[in-house]
1. Summing -39500 (n - 2.57) over the DSSP H runs of n ≥ 4 in the chain and dividing by its residue number, what mean residue ellipticity at 222 nm do you reach, to the nearest 500 deg cm²/dmol?
2. State the volume of the convex hull built on the alpha-carbon positions of the chain, expressed per residue in Å³ and rounded to an integer.
3. Taking Cα centroids, how far is the stretch 288-338 from the stretch 167-216 in Å?
4. Above 22 Å lies some portion of the pair distances; for the stretch 1-131, what is it as a whole percent of all C-alpha pairs?
5. Using the structure shown, select from 197/314; 58/147; 16/236; 40/147; 82/353; 16/197 the pairs with a Cα to Cα distance greater than 30 angstrom.
6. So, in nm, how far is label residue 155 from label residue 141 when the simple model puts each one 7 Å beyond its Cα toward the Cβ?
7. What is the stretch 50-90's relative contact order, in percent, from Cα pairs under 8 angstrom and six or more apart in sequence?
8. How many nm separate the modelled label positions at residue 98 and residue 73, each set 7 Å beyond the Cα in the direction of the Cβ?
Amino acid sequence: MKNYQMKILPELLNDKNGDQITTVEAWEARRKEILEMLAKNEYGVTPPVYGRATGTVKEVDEKCASGQGVLEDIDITFPTEKGNFTFPIHYFHPNDGKKHFTFVLLNFRPDAYDMYFPAEEIIDNGFGVAVIYYQHISSDDADLTDKLGGMFTRANDGTDWGKIGMWAYAASRVADYLLTRDEVSDLGVIGHSRLGKTALWCAAQDERFVAAFSNCSGCSGASYERGKHPKGETIKLITNQFPYWFCEKYREYADHSELRPFDQHFLLSLIAPRLLCVGSGSEDYWADPYTEQMSCIGASPAWEIYGKDGFVGKEEQAKPNEVFGDGNLQYDLREGIHFLGRKDWNFYMNFLKEKGL
Ligand code: GTR
């Protein structure tokens, strides 16, 4: 495993002619190429933005949690090819009149309070969090025209966006709105599992997010396909069970993943030189923690091109609860199962504080 990536992974920093990239300018050209490669071969092509989103505050709890926070229920509306699209969010922020780093969380349930985020603790740490229920955007099934999916014409050429692309698009529209709010300084996007994949794809495309947090994102998220542990999920398995998360073309790699001209470190590299946290669970074999760590190592040169540290840590597998957080690309192996819990949030919030956010 040790030198596996060196031998068989597609080269991140080689340009079209196979020459090594050493300048920011050449990297940014390469970055565009990678973005297009991932859109056309994995997540699908994102439709254009027809206009910025606006928000309508529906309800406010001025003293949420223990009274230190505000919870606002807001409708986000934006124009699309086929008219306006509206969906609700819950927006929590500290009640102190200051600006705060704010997480945009893609979540699995519609409730304001949920086991995947400790609202009160996030507020107490001086952060905001805006929560999107992902199926308000489009259903998690094969109906690619549900809700937002139906608002754009599909080209039917194998590269149309899948659900991950739709959910990511919604997080960007929430960013449109939040960036107009006085309570917001900077934004990060966060998600768990399929929504961790979504958070990565969202931040890859939308550079207004200064940070991204991938929690247990696994296959087609942070983890390498090449060199995957036998217990880990593969492109073959994921495209059999969840083909609609991706573009149709992705299925071509189901039996030939070695032919992909990229691996998942390409996705992580698109977030450079911004902040990125990749978090795994030590017992989350399906997501394959070690190839998540390895792909951080593989993506790290993209940060180095900017003269910044990317991943700073060991190549040998992290121990449970070990955090490699000295660079701009943090990796942590939270002890336990497939879950987005308090410990994960604390790893991420500590990272932000250490970076001065
Ligand atoms: C699994 C899927 C994973 C992961 C997970 C989830 O069944 O195979 O890729 O995304 O669902 O989202 O909880």
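Each value in this text was obtained by applying a stated rule to the coordinates, not by laboratory testing. Keep in mind that what you see is a predicted model, and the values were worked out from it rather than measured. Using ideal geometry, Cβ is built from the backbone for each residue, glycine included, and neighbour counts are taken over all protein chains shown.
1. So the helix-based figure for the chain works out to -8000 deg cm²/dmol.
2. Spelled out: Cα convex hull of the chain, divided by residues, is 126 Å³.
3. 20 Å
4. Beyond 22 Å sits 60 percent of the P(r) for the stretch 1-131.
5. Pairs exceeding the cut-off: 82/353.
6. 2.9 nm
7. Computed value for the stretch 50-90: 38 percent relative contact order.
8. Here the modelled spin labels are 3.0 nm apart.
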